[in-house]
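Structure record follows, encoded as C-alpha cells.
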Amino acid sequence: MKLKEFANLLGLSPTTVSRAINGYPEVSQGTRQRVMEAARKHGYVANASARKLAVGRSFLVGIVHPLTTGDMGDTYFLEVLEGFSERLQEAGYEVVIVAEKPDDPVEAYRRLHQAGTVDAFLVLRTKRFDPRIDYLLDHTDLPFVCYGRTVRCDEYPWIEFDVYQGAVEATERLIGFGHHRIGMLSADLSYNFAHMVRSGFIDTLRKHGLPVHTELLREGAYGRRGAFDYMQQMLSEKELPSALIVDNGLSAIGAMRAIEQAGLKVGKDLSLLVFDGLPADNLMADQITSIRQPNLYGLGRDLAGFVLRRIDAEDVRTMQELRSSALIAGTTDGPHNHAT
C-alpha cells in the first residue's frame, strides 16, 4: 500500500500521515496513535530510506551487551527487552543489539556513534564509575537512558529499583528469624546494584550490633558456575552460615546446587533469600523467598518511553525514577535451627 492510499483510508492528507509516522511534534498524540494503530492493522510500512532522510534519524536504538551464552540466557534481561522493543516498535523504531568487547566497554558506543548508526542507547548493568557513561555524557548529541545508576546519576535519565532498601528488608527478615551468621554472594561490586545490596546488608548488621562475617562474603558471582564454586568455598568453613543472601538469580542456581550437593536442605539447614528470585524456566521445586522487581516487561516499556522522550530532547531531570522492590515470602527461609 502506498502512502497516498493509506492516507485516503484514514481520511487524512499524506503530509499529516507522514509527519505522524515520523514523529513530528506538531502532530497531536491522538492523531499519531490513530495512524500507528491503523498502520499495524493494515500492514502499512513507510519507506524506510525516505523516512530517515525526512527527519535525519536512523530509527534504531542501540543496546551494547555481552553476547556470551550465559549473558544471553539471562531471562530477566529478555523480559525487559520484550517490553522495550515492543514499545519502540509502536513508535516506528527498532532495537539493535551489539556485542560488547570485554576489554573495551566503550568501543561499540564510540563506533556506533561515529557512524551515526543509532539515535539513542539503552545502557544496562551500570557501574558506579562507568566509562560508558563518561563517554556518552561527553557527546551531548547522543541521547541515552540507563537501567541503573552511577555516581553521575544527576546528569542523565535512569530507572533503578531501590535495592539498598531491599537489602535492608532482606537482612531484617533473616535477623528476625534468629540468624546472626549470614553469608552473601555478590556480583562484582563495581556494579552499582551489587554495591548497594552489599551496603544495605552490612549497614543493617551493624545497626543491630551484629558482626560482619567477612569469610562468608564472596564477590564476583554473576553466573551459575562461579556461584557454585564460591558456595563450595563458603560451605568448607569450620562454621557454616545459617542463612545466605544472593544478589542475582543466575548465581542463586549455582549456589543451590552446591548446597544440595553438600547434603543440606534449603529452608531447613540454611535459609536462602535471592534478589529477583530464579529465572522463570528454572526447575527448582522450592518457592524462593525473594526481593523482586515487579513487572519487568512494564519496566522495559517505561525505559523505551524515556528513550523516546530523550530523542525529543526532554529534560533529563523529569526522567529519574527510584522504584520500590517487593519482598515475596517463599519456602526457602525461616527460623534459625540452632542445632545446625
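Residue-by-condition table, conditions (1) in the same structural domain as ALA187 (by TED's automatic domain parsing); (2) outside any helix (DSSP H, G or I); (3) closer than 24 Å to ASN192 by Cβ:
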residue: GLU215; (1), (2), (3): yes, no, no
residue: ARG218; (1), (2), (3): yes, yes, yes
residue: ALA221; (1), (2), (3): yes, yes, yes
residue: GLN233; (1), (2), (3): yes, no, no
residue: LEU240; (1), (2), (3): yes, yes, no
residue: LEU244; (1), (2), (3): yes, yes, yes
residue: LEU250; (1), (2), (3): yes, no, yes
residue: GLY254; (1), (2), (3): yes, no, yes
residue: ILE259; (1), (2), (3): yes, no, no
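Condition (residue is out of contact with any Pro (no Cβ under 7 Å at 6 or more places or on another chain), among the hydrophobic types (A, V, I, L, M, F, W, C) and part of a helix (DSSP H, G or I)) applied to segment 122-132: is it met by at least one residue? Don't jump to the end; show me each part of the working.
Here is the first cut: in segment 122-132, the residues out of contact with any Pro (no Cβ under 7 Å at 6 or more places or on another chain) are 122-130.
Next, from what is left, pick out any that are among the hydrophobic types (A, V, I, L, M, F, W, C): 122-124, 129.
Subset that is part of a helix (DSSP H, G or I): none.
Checking segment 122-132: not a single residue is out of contact with any Pro (no Cβ under 7 Å at 6 or more places or on another chain), among the hydrophobic types (A, V, I, L, M, F, W, C) and part of a helix (DSSP H, G or I).
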If GLU172 satisfies all but one of (1) within 21 Å of TYR76 (Cα to Cα); (2) at pLDDT 95 or above, what's the number of the condition it fails? (1)
So for segment 277-288 (the condition being closer than 18 Å to GLY183 by Cα and surrounded by 15 or more Cβ atoms within 10 Å (Cβ to Cβ)), does at least one residue qualify? yes
With hydroxyl-bearing (Ser, Thr, Tyr), within 24 Å of ARG310 (Cα to Cα) and at pLDDT below 85 as the only criterion, which of SER28, SER49 stands out? SER49
Count of segment 98-109 residues which are more than 18 Å from LEU81 (Cβ to Cβ) and either outside the structural domain of LEU303 (by TED's automatic domain parsing) or part of a loop (DSSP other than H, G, I, E, B) (or both): 4
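I'm trying to understand the selection: among the residues of segment 152-179, which are β-branched (Val, Ile, Thr), in contact (Cβ under 8 Å) with a residue 40 or more places away in the chain and either over 14 Å from SER290 (Cα atoms) or in contact with a strand residue (DSSP E or B) (Cβ under 6 Å, 6 or more places away or on another chain) (or both)?
Going through segment 152-179, the residues β-branched (Val, Ile, Thr) turn out to be 159, 163, 168, 171, 175.
Those left that are additionally in contact (Cβ under 8 Å) with a residue 40 or more places away in the chain: 159, 163, 171.
Within segment 152-179, ILE159 is the sole residue that qualifies.
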Checking the structure you have, find out if any residue of segment 130-149 is among the hydroxyl-bearing types (Ser, Thr, Tyr), under 26 Å from VAL197 (Cβ atoms) and out of contact with any Leu (no Cβ under 9 Å at 6 or more places or on another chain). no
What are the residue pairs meeting all of these: first residue in segment 230-244, first residue more than 11 Å from ILE182 (Cβ to Cβ), second residue assigned to a loop (DSSP other than H, G, I, E, B), Cβ atoms under 6 Å, and 6 or more apart or on different chains? TYR230/ALA221; LEU235/ALA262
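If you check LEU185, LEU137, LEU112, LEU189, which single one turns out to be assigned to a helix (DSSP H, G or I), buried (at least 16 other Cβ atoms within 10 Å of the Cβ) and over 15 Å from the mean Cα position of the chain (by Cα)?
Values: LEU185 fails: assigned to a helix (DSSP H, G or I); LEU137 fails: buried (at least 16 other Cβ atoms within 10 Å of the Cβ); LEU189 fails: assigned to a helix (DSSP H, G or I).
Being assigned to a helix (DSSP H, G or I), buried (at least 16 other Cβ atoms within 10 Å of the Cβ) and over 15 Å from the mean Cα position of the chain (by Cα) holds for just one of LEU185, LEU137, LEU112, LEU189, which is LEU112.
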Residues of segment 155-182 being part of a helix (DSSP H, G or I) and surrounded by 24 or more Cβ atoms within 10 Å (Cβ to Cβ), which ones? VAL163, GLY166, ALA167, ALA170, THR171, LEU174
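When you go through GLY178, GLY116 one by one, which is the residue that is at positive phi and not assigned by TED's automatic domain parsing to the domain that holds GLY83?
On the way: GLY116 fails: not assigned by TED's automatic domain parsing to the domain that holds GLY83.
Going through GLY178, GLY116 in turn, just one is at positive phi and not assigned by TED's automatic domain parsing to the domain that holds GLY83: GLY178.
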What are the residues in segment 115-134 that are over 18 Å from the mean Cα position of the chain (by Cα), buried (at least 20 other Cβ atoms within 10 Å of the Cβ) and of a type in the set (A, V, I, L, M, F, W, C), if any? VAL118
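Taking the condition basic (Lys, Arg), touching a residue at least 40 places away in the same chain (Cβ under 8 Å), farther than 24 Å from ALA255 by Cβ and in a loop (DSSP other than H, G, I, E, B), does ARG149 pass?
On the way: basic (Lys, Arg): yes; touching a residue at least 40 places away in the same chain (Cβ under 8 Å): yes; farther than 24 Å from ALA255 by Cβ: yes; in a loop (DSSP other than H, G, I, E, B): yes.
So ARG149 fits the description; yes.
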Identify, please: which residue in segment 309-340 is of a type in the set (Asp, Glu) and within 12 Å of PRO157 (Cα to Cα) and is, among those, surrounded by the fewest Cβ atoms within 10 Å (Cβ to Cβ)? ASP315
If a residue has to be out of contact with any strand residue (DSSP E or B) (no Cβ under 7 Å at 6 or more places or on another chain) and closer than 20 Å to GLY166 by Cα to count, how many in segment 299-323 make the cut? 0
Would you mind finding the one in ALA91, ALA115, ALA108, ALA99 that is within 18 Å of ILE311 (Cβ to Cβ), in contact (Cβ under 8 Å) with a residue 24 or more places away in the chain and small (Gly, Ala, Ser)? ALA91
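The values are calculated or read from the model by the stated rules, or taken from the named source; none is laboratory data. On a predicted model such as this, the values are computed, not experimentally measured, just so you know. Positions of Cβ are generated from backbone atoms using ideal geometry, with glycine treated the same way; all protein chains shown enter the neighbour counts.
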